[in-house]
Amino acid sequence: GITRHYKFNIKLKNITRLCRTKSIVTVNGEFPGPRVIAREGDRLVIKVVNHVSNNISIHWHGIRQLRSGWADGPSYITQCPIQTGQSYVYNFTITGQRGTLFWHAHISWLRATLYGPLIILPKSNESYPFVKPYKEVPILFGEWFNADPEAVINQSLQTGGGPNVSDAYTLNGLPGPLYNCSAKDTYKLKVKPGKTYLLRLINAALNDELFFSIANHTFTVVEADAAYVKPFVTNILVIAPGQTTNVLLKTKSQAPNATFFMLARPYFTGMGTFDNTTVAGILEYQTPSNSSPSTSLKNRPLLKPGLPAINATNFVANFSSKLRSLATAKFPANVPQKVDKKFFFTIGLGSNPCPKNQTCQGPNGTKFAASMNNFSFALPRTALLQSYFFSQSSGVYTADFPAFPLHPFNYTGTPPNNTRVSNGTKVVVIPFNTSVEVVLQDTSILGAESHPLHLHGYNFYVVGQGFGNFDPNNDPSKFNLVDPVERNTVGVPSGGWVAIRFQADNPGVWLMHCHFDIHLSWGLRMAWIVLDGKLPNQKLPPPPSDLPQC
Ligand code: C2O
């Protein structure tokens, strides 16, 4: 591979959306942010310079970061934030991965405006395991707030209530014609008839899973989270925050006498308010130069696709069960067949008491919290990876995150009266190369809800999923250990569970969390410490000299 250099200048930029102009935090003044492209095997060297007053860090979402954990990016986990006027060089090699990923800010809610595609092409002598596309098109879904996104989350944390919801979804940064005064801010995909386009779909929205469809067209799904899947055809996709999906779009052989809406709107199962609006883009066939007036653009009817109901959980479960690893000799599914260590994590919402002489807007006058195994993870004052590496854990974290819930209950039954969470900075420590199974169980404590769970530093295999409570006596016999999908973010079904497996072959500190930013901010996160192995190439090297300090 070669080394590719990028420079990210973090700076403010005035952007107008929904008839309002505001100053947002951007990379190089671009919104959405610049495309990072590399090939499998390349090294990326990205210098991030912070010219704004906010603290910043950037995460390369889905990159394995094999023995390069110092470049992973989550603030207070693998690094202290880059402060105003400071810089940090993210330096990592892309090993054993190719496909669509994305990068985003990993502090507070700055990823609302700081995100962009991260595209890994196959090595130059290798090709896709599907037809060579005529063109490749990144499509990023985002969420736009009229307010300052950091103010939105700070207000939620202070009052304990739910956050203000976003004002629009965006497609490549544009809300589209279904929003006020946004017709001119519409993403248009101009296509030629009879060609295959590779759409690289990225859900960079903060808090919403999305359905996506293009009127009168179908997609062939070929990849999820930068791992090839067995191709299958669908006209509607589901994509959760943190997930990426590559699809082939074959255009009609003749330019049709119509224009087609591409629509995305939320799949939502939680309680409370959410942004229930629809982003629209337009798929437009190029008009042949000899076209008759009847096919001229403005005379074409505009067709709309149908989308499932907002809470179509069965549709979503059915869609996820279609995703299977390619599992060929060239792209094998290396599913751990035996497990060294089993974990069972409940995930869900809960509450913290309201401080005296304050009124709180959470459930029954409390503050909303979110937890795994009932522990709401508090960010430490310094980066975990530094504390671990230099053996200074005292006062920063404790290694007692429980492998199973301390007080089991009927997770999906009648909610318990006591919704209180415990707070702390607890991690799980595992030896190098442990083969791990984790069952992620949604709880109905404050309403069942689908949660996109993301693991840093690894891809995992989704070996099973189901509704209700996981049954350790019967469910494992139904696990798929042959061709389960390999990914970095999995939607835990609302009122259900998923089982994942991974081989802990990457030493370092790795965050696992809900990729809904609101749940992340409320503490739905934990971290794994994977110890060094014995061989030199099984150890995490020391940090780079410019690693930010807290
Ligand atoms: Cu896409 Cu921890 O993040």
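Kindly evaluate Val482 against the criterion of being modelled with pLDDT of 95 or more, away from the ligand (no atom under 14 Å from the Cβ) and under 26 Å from His106 (Cα atoms).
no
Using the structure shown, decide if His59 is modelled with pLDDT of 95 or more, surrounded by fewer than 18 Cβ atoms within 10 Å (Cβ to Cβ) and not assigned by TED's automatic domain parsing to the domain that holds Phe516.
no
Yes/no per residue for (1) in contact (Cβ under 8 Å) with a residue 60 or more places away in the chain; (2) within 19 Å of Thr100 (Cα to Cα); (3) in a strand (DSSP E or B); (4) in contact with a strand residue (DSSP E or B) (Cβ under 8 Å, 6 or more places away or on another chain):
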residue: Arg200; (1), (2), (3), (4): yes, yes, yes, yes
residue: Asn207; (1), (2), (3), (4): yes, no, no, yes
residue: Leu210; (1), (2), (3), (4): yes, yes, yes, yes
residue: Val222; (1), (2), (3), (4): yes, yes, yes, yes
residue: Val229; (1), (2), (3), (4): yes, yes, yes, yes
residue: Leu237; (1), (2), (3), (4): yes, yes, yes, yes
residue: Leu248; (1), (2), (3), (4): yes, yes, yes, yes
residue: Lys252; (1), (2), (3), (4): no, no, no, yes
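Which of the following residues is free of Cβ contacts under 8 Å to residues at least 40 places away in the same chain and in the same structural domain as Val498 (by TED's automatic domain parsing): Val428, Val396?
Result of the check over Val428, Val396: Val396.
When you go through Ile77, Ile94, Ile82, Ile63 one by one, which is the residue that is under 19 Å from Asn488 (Cβ atoms) and more than 16 Å from the ligand (Cβ to nearest atom)?
Selected residue: Ile94, the only one of Ile77, Ile94, Ile82, Ile63 that is under 19 Å from Asn488 (Cβ atoms) and more than 16 Å from the ligand (Cβ to nearest atom).
So which of Trp109, Trp144 ends up being surrounded by 21 or more Cβ atoms within 10 Å (Cβ to Cβ), within 16 Å of the ligand (Cβ to nearest atom), among the hydrophobic types (A, V, I, L, M, F, W, C) and at pLDDT 95 or above?
Working: Trp144 fails: within 16 Å of the ligand (Cβ to nearest atom).
It is Trp109.
I'd like to check which strands (runs of 3 or more DSSP E) are fully inside region 8-102 and have at least 2 residues that are under 18 Å from the mean Cα position of the chain (by Cα).
58-61
In this structure, is Phe460 among the aromatic types (Phe, Trp, Tyr), within 21 Å of Ile77 (Cα to Cα) and away from the ligand (no atom under 16 Å from the Cβ)?
No: the conditions fail for Phe460.
Which condition breaks for Ala112 when tested against (1) assigned by TED's automatic domain parsing to the domain that holds Asn50; (2) among the aliphatic types (A, V, I, L, M); (3) within 30 Å of Lys252 (Cβ to Cβ)?
Condition not satisfied by Ala112: (3).
Go through region 158-189 and give me each residue that's surrounded by fewer than 17 Cβ atoms within 10 Å (Cβ to Cβ) and not in a loop (DSSP other than H, G, I, E, B).
Answer for region 158-189, where residues must be surrounded by fewer than 17 Cβ atoms within 10 Å (Cβ to Cβ) and not in a loop (DSSP other than H, G, I, E, B): Gln158, Lys188.
The values are calculated or read from the model by the stated rules, or taken from the named source; none is laboratory data. Keep in mind that what you see is a predicted model, and the values were worked out from it rather than measured. Please note: Cβ atoms are built from the backbone with ideal geometry, for glycine as well, and neighbour counts cover all protein chains shown.
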